[in-house]
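The block underneath contains the structure these notes are about, expressed in structure tokens.
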Amino acid sequence: MPPGRLEAFSDGVIAIIITIMVLEMKVPHGDSATDLLPILPTFLSYVLSFVYVGIYWNNHHHMLHATTTVTGAILWANLHLLFWLSLFPFATGWMGENHFSPLPTALYGLVLLMAAIAYYVLQQAIIRSQGADSILKKAIGRDWKGKLSPVLYIAAILATLLTPWIAEAIFVGAALIWLIPDRRIENTLTRKEG
């Protein structure tokens, strides 16, 4: 199967995930600015999750461009990733509705952790399918961001035992690390074509 079909399917699922997240925000009853205050936690959790889903979409796009063929293992690894991403709307809504209380925040961290692990599994499935000369393996190198993120998510989950706001700060920090565009795959593909 060509990677384009897998990318199109994944793009559709990710678009639905974003749509479901925004539909979780209920319109306030009233027309004053103070009527917006009760939905502020839901909005903030939506913004954070929108950024995370965007980061996954962006990196998934680049990773699939470094993929020459799609195997059964890649298909299942991709579905594994999409499963965890599909839990973002639930975890986002629960955390926002409960004003970042410990258990919903810990669950949100668990979903982030599992999505990071699933992304790594997909990455490794692609590398295995490409063999010793894997374009993706050359592109990601040591992958310090990929190794640091799960550690941060575990730290955030544990931080919910102290205060969820520490966990939220860690989630934001991890997202900021990934917001800087990762050009490793693009650069490797450009060098290969040139």
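The values are calculated or read from the model by the stated rules, or taken from the named source; none is laboratory data. Nothing here was measured: the structure is a model prediction, and the numbers come from that model. All Cβ positions, even for glycine, are placed from backbone atoms using ideal geometry, and neighbour counts span all protein chains on display. Heads up: the accessible areas ignore ligands, DNA and RNA and are worked out on the full protein's heavy atoms, side chains in. Shrake-Rupley method; radii C 1.70, N 1.55, O 1.52, S 1.80 Å.
Number of residues in region 28-45 that are open to solvent by less than 50 Å² (accessible area, probe 1.4 Å) and assigned to a helix (DSSP H, G or I) equals 5. Scoring M25 on the criteria (1) in contact with a helix residue (DSSP H, G or I) (Cβ under 8 Å, 6 or more places away or on another chain); (2) among the hydrophobic types (A, V, I, L, M, F, W, C); (3) in a loop (DSSP other than H, G, I, E, B); (4) open to solvent by 60 Å² or more (accessible area, probe 1.4 Å) leaves a single failure, condition (4). Scanning region 1-22 for residues that are under 14 Å from the mean Cα position of the chain (by Cα) and either under 17 Å from N59 (Cβ atoms) or assigned to a loop (DSSP other than H, G, I, E, B) (or both) gives S10, D11, V13, I14, A15, I17, I18.
Among the residues of region 153-169, how many are in contact (Cβ under 8 Å) with a residue 24 or more places away in the chain, not in a loop (DSSP other than H, G, I, E, B) and not small (G, A, S)? Counting residues in region 153-169 that are in contact (Cβ under 8 Å) with a residue 24 or more places away in the chain, not in a loop (DSSP other than H, G, I, E, B) and not small (G, A, S) gives 6. Is one or more of the residues making up region 132-151 crowded, with 20+ Cβ neighbours inside 10 Å, among the small types (G, A, S) and at pLDDT 90 or above? The answer is yes, given that some residue of region 132-151 is crowded, with 20+ Cβ neighbours inside 10 Å, among the small types (G, A, S) and at pLDDT 90 or above.
Would you pick out the residues in region 35-60 that are β-branched (V, I, T) and at pLDDT below 90? Scanning region 35-60 gives a single hit, I39. The residue that is nearest to L23 (Cα to Cα), among those in region 97-108 that are open to solvent by 10 Å² or more (accessible area, probe 1.4 Å) and of a type in the set (S, T, N, Q), is N98.
Any chance region 109-128 includes a residue that's crowded, with 17+ Cβ neighbours inside 10 Å and outside any helix (DSSP H, G or I)? No.
Restricting the first member to region 46-66 and to residues that are more than 27 Å from P104 (Cα to Cα) and open to solvent by 40 Å² or more (accessible area, probe 1.4 Å), and the second to residues that are among the aliphatic types (A, V, I, L, M) and at pLDDT below 90, the beta-carbon pairs closer than 8 Å and six or more apart or on different chains are H65/I185; H65/L189.
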